[in-house]
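What follows is one structure encoded as structure tokens, with my remarks underneath.
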Amino acid sequence: MLKIKEKVQFPRDQNRMKSIANTKIAREIYYSSSSNNLRFLLNKRFDWMNNFISDNHIGIEVGSGAGFSKDFIRNKNFKLTDLGDEDHLDIKNIDAQNTGLEDESLDFVIASNMIHHIPYPIKFFRETNRILKKGGKLIIFESYCSIFFQLATIIMKHEGFDFTLNVWDENIPKSDEKNAWHGNIAVPHLIFDDKNIFNDKLGELFSIEYEKLTECFVFINSGGVTSKTAHVPMNNFFLNILHRIDNILVKLFPKIFCMGRRLVLKKND
């Protein structure tokens, strides 16, 4: 991974985003008529997941935040969960590291842009393995901390990254335990980039069934998912052009431009 710096962190009061982590405002904006850019982005982030989910499957999203995935996941048994108690959640006050759900009760778990917020991600993987049925899927969308993403993070002073942490150490938190919205966007790299280390540390629990890199300017010009920023409104014609440009840039120069990573992990028997 190319790095501008090994470690970048910012005080919360320096954050240049707006309505930071405010799911109520995010939902109000999203369900208004001015959110076409964001709807386009979220469709790209979630629709592909349906390929790994059957109609009769039972599953949840952990750390679902504003809960936009419900508009794109077609499974009727799908439930939203989070640490909070907001009205849009189906199951409230769920810690993804210790859900309290029954053993082997789910066919799939979705984790969208939440692993880099978890203080102890290895506990999350163990817990997810426990609640998934044999052959169950952990379906992930996560950040990809390219040079472009690092630069955007530095400019906006939003979240941060730290490549120096030992992500496998369960005694040291990878993000702020007292702030569920604090993030370290280097965490997915530390977990997934080196497949030999991944297999050594998590191979007894999961195997990687699918992985694809995706997303750049469609994300930058979305206006933000929960925390908000300025953007240029576009219709679907121009958004599709931007998406095609993203695909070319991500394919040719992923370490420079890529900002997203799709993953499906299958629970090993």
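Taken as a whole, the structure leaves Ile122 outside the set of residues that are of a type in the set (A, V, I, L, M, F, W, C), surrounded by fewer than 19 Cβ atoms within 10 Å (Cβ to Cβ) and more than 26 Å from Ile58 (Cα to Cα). Restricting Asp87, Asp107 to those that are of a type outside the set (Ser, Thr, Tyr) and assigned to a strand (DSSP E or B) reduces the list to Asp107. Scan the range 187-219 residue by residue and report those that are in contact with a helix residue (DSSP H, G or I) (Cβ under 8 Å, 6 or more places away or on another chain) and buried (at least 19 other Cβ atoms within 10 Å of the Cβ). Within the range 187-219, Val187, Pro188, Ile191, Phe192, Leu202, Phe206, Thr214, Glu215, Cys216, Val218, Phe219 qualify. Of the residues making up the range 23-46, one or more are farther than 15 Å from Gly224 by Cα, of a type in the set (A, V, I, L, M, F, W, C) and modelled with pLDDT of 95 or more.
Pick from Ile110, Ile115: which is surrounded by 19 or more Cβ atoms within 10 Å (Cβ to Cβ), more than 16 Å from Glu170 (Cα to Cα), among the aliphatic types (A, V, I, L, M) and at pLDDT 95 or above?
Ile110
Among the criteria (1) part of a helix (DSSP H, G or I); (2) among the charged types (D, E, K, R); (3) crowded, with 20+ Cβ neighbours inside 10 Å, the one Arg130 does not fulfil is (3). For the range 9-38, residues that are farther than 23 Å from Leu151 by Cβ and without any contact (Cβ under 8 Å) to a residue 24 or more places away in the chain total 4.
Looking only at the range 48-58, residues that are under 16 Å from Leu80 (Cα atoms) and surrounded by fewer than 21 Cβ atoms within 10 Å (Cβ to Cβ) come to 4 in all. Ala152 meets the conditions (1) assigned to a loop (DSSP other than H, G, I, E, B); (2) closer than 29 Å to Lys18 by Cα; (3) in contact (Cβ under 8 Å) with a residue 60 or more places away in the chain in every case but one. The failed one is (1). Answer yes or no as to whether Lys174 is surrounded by 20 or more Cβ atoms within 10 Å (Cβ to Cβ), of a type outside the set (Gly, Ala, Ser), farther than 30 Å from Lys228 by Cβ and within 18 Å of the chain's Cα centre (by Cα). Against the criterion (surrounded by 20 or more Cβ atoms within 10 Å (Cβ to Cβ), of a type outside the set (Gly, Ala, Ser), farther than 30 Å from Lys228 by Cβ and within 18 Å of the chain's Cα centre (by Cα)), Lys174 does not qualify.
The values are calculated or read from the model by the stated rules, or taken from the named source; none is laboratory data. Nothing here was measured: the structure is a model prediction, and the numbers come from that model. Here Cβ is always computed from backbone atoms with ideal geometry, including for glycine, and neighbour counts include all displayed protein chains.
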